[in-house]
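Presented below is the structure to which this report refers.
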Amino acid sequence: CDMMVRMAEPAAGELVLDPACGSGRLLAAANRQCPECIPEGNDMNPAFRELAFFNLFFSGERAARIYGKDFLQTEYDELPAADLILSNPPYTDKSDLTVQFTDRIVRQLKDNGRCAILVPQGFLTNSSSHIVTGMRRWILDQLTLEAVISLPRKIYRPYMESYSSLLMIRRRQSPEDYPVFISMLPECADADVYGGEENRGIESSAGGNYRQAMEEIVTQWKQYQKGEQLNENIARIVPTHVMRENSYIFAAENY
């Protein structure tokens, strides 16, 4: 959550929306970094809406607006147009749901608005589905794919194990060939040790390793935005024409 927010950089007065906010951790992270932004959430589950409200309350936002809409079935004007959308939307092994959420998220953005979305690996690599490849083509050609950050399988433990990536997308059409920031968060060796009291030190160490690796990625992202040279052991730039030649595959490990 913190890495996504630090890369997305919410600014004072910007409306930050999470359309599938769950317990509101992304919005709370945004509010901690920028108390002057306007965090708003949406979730169909009333218990999650309560959690999101209180998480935002304790992060300092005392007037949070949390909607209870079906995001995929809601008209665009029923939720606010957002400057920034942060989301870890629900998904399955099939990528159709990710396509629907990604399309809907981008269309909920203001012009030149941006989003940071967590997506499953299949969405980045599936070449057999015209729907999925069509969505990647639309993102690359009609919008701006700003960054792809590959996340390790064990980062969600103890809740689940799943490969996923963070996509940073801006609702703006760029020139035909433009650069994309690519990085991979490595699997930390200690991350597979969880459980009882005797393992707490190791578990903390795993979190520390991830935090350190995330910090390096964020640092490289800031340097990239300033036009400074990158450490290619951590991040690199891939021109979009290379992705087009590679069947519009977005997976960071391909580059």
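For the reader, a short list of remarks on this structure follows.
- Looking only at segment 58-112, residues that are farther than 22 Å from Met7 by Cα, out of contact with any Leu (no Cβ under 7 Å at 6 or more places or on another chain) and among the small types (Gly, Ala, Ser) come to 3 in all.
- Selection over segment 69-105 of residues that are more than 19 Å from Ala8 (Cα to Cα), touching a strand residue (DSSP E or B) at 6+ places or on another chain (Cβ under 9 Å), among the polar types (S, T, N, Q) and open to solvent by 50 Å² or more (accessible area, probe 1.4 Å) gives a count of 1.
- Flag if Met7 is in contact with a strand residue (DSSP E or B) (Cβ under 7 Å, 6 or more places away or on another chain) and either in contact (Cβ under 8 Å) with a residue 24 or more places away in the chain or surrounded by fewer than 18 Cβ atoms within 10 Å (Cβ to Cβ) (or both): yes
- Residue list for segment 37-52, restricted to those being among the small types (Gly, Ala, Ser) and surrounded by 14 or more Cβ atoms within 10 Å (Cβ to Cβ): Gly41, Ala52
- Residues in segment 163-191 that are open to solvent by less than 20 Å² (accessible area, probe 1.4 Å) and either under 22 Å from Pro90 (Cβ atoms) or modelled with pLDDT under 95 (or both): Ser164, Ser165, Leu166, Leu167, Met168, Ile169, Leu185, Cys188, Ala191.
- Of the residues screened, Gln223 is one that is modelled with pLDDT of 95 or more, farther than 26 Å from Pro89 by Cα and not charged (D, E, K, R).
- Top-ranked residue of segment 136-153 - restricted to ones that are out of contact with any Asp or Glu (no Cβ under 7 Å at 6 or more places or on another chain) and either in a helix (DSSP H, G or I) or of a type in the set (Ser, Thr, Tyr) (or both), ranked as surrounded by the fewest Cβ atoms within 10 Å (Cβ to Cβ): Gln142
- Test: residue in segment 56-68 that is under 18 Å from the mean Cα position of the chain (by Cα), crowded, with 20+ Cβ neighbours inside 10 Å and either within 26 Å of Met135 (Cβ to Cβ) or not aliphatic (A, V, I, L, M) (or both): no
- Flag if Gln108 is open to solvent by 30 Å² or more (accessible area, probe 1.4 Å) and either modelled with pLDDT of 95 or more or within 23 Å of Arg244 (Cα to Cα) (or both): no
- Any pair with Cβ under 7 angstrom, 6 or more apart, that starts in segment 112-128 at a residue that is more than 26 Å from Leu15 (Cα to Cα) and ends at one that is at pLDDT 90 or above and part of a strand (DSSP E or B): Gln121/Ser165; Leu124/Ser165
The values are calculated or read from the model by the stated rules, or taken from the named source; none is laboratory data. Just so we're clear, the structure is a prediction, and the values are computed from it rather than from any experiment. Using ideal geometry, Cβ is built from the backbone for each residue, glycine included, and neighbour counts are taken over all protein chains shown. Each accessible area value is taken on the protein alone, full model and side chains, heavy atoms only, with ligands, DNA and RNA left out. Shrake-Rupley method; radii C 1.70, N 1.55, O 1.52, S 1.80 Å.
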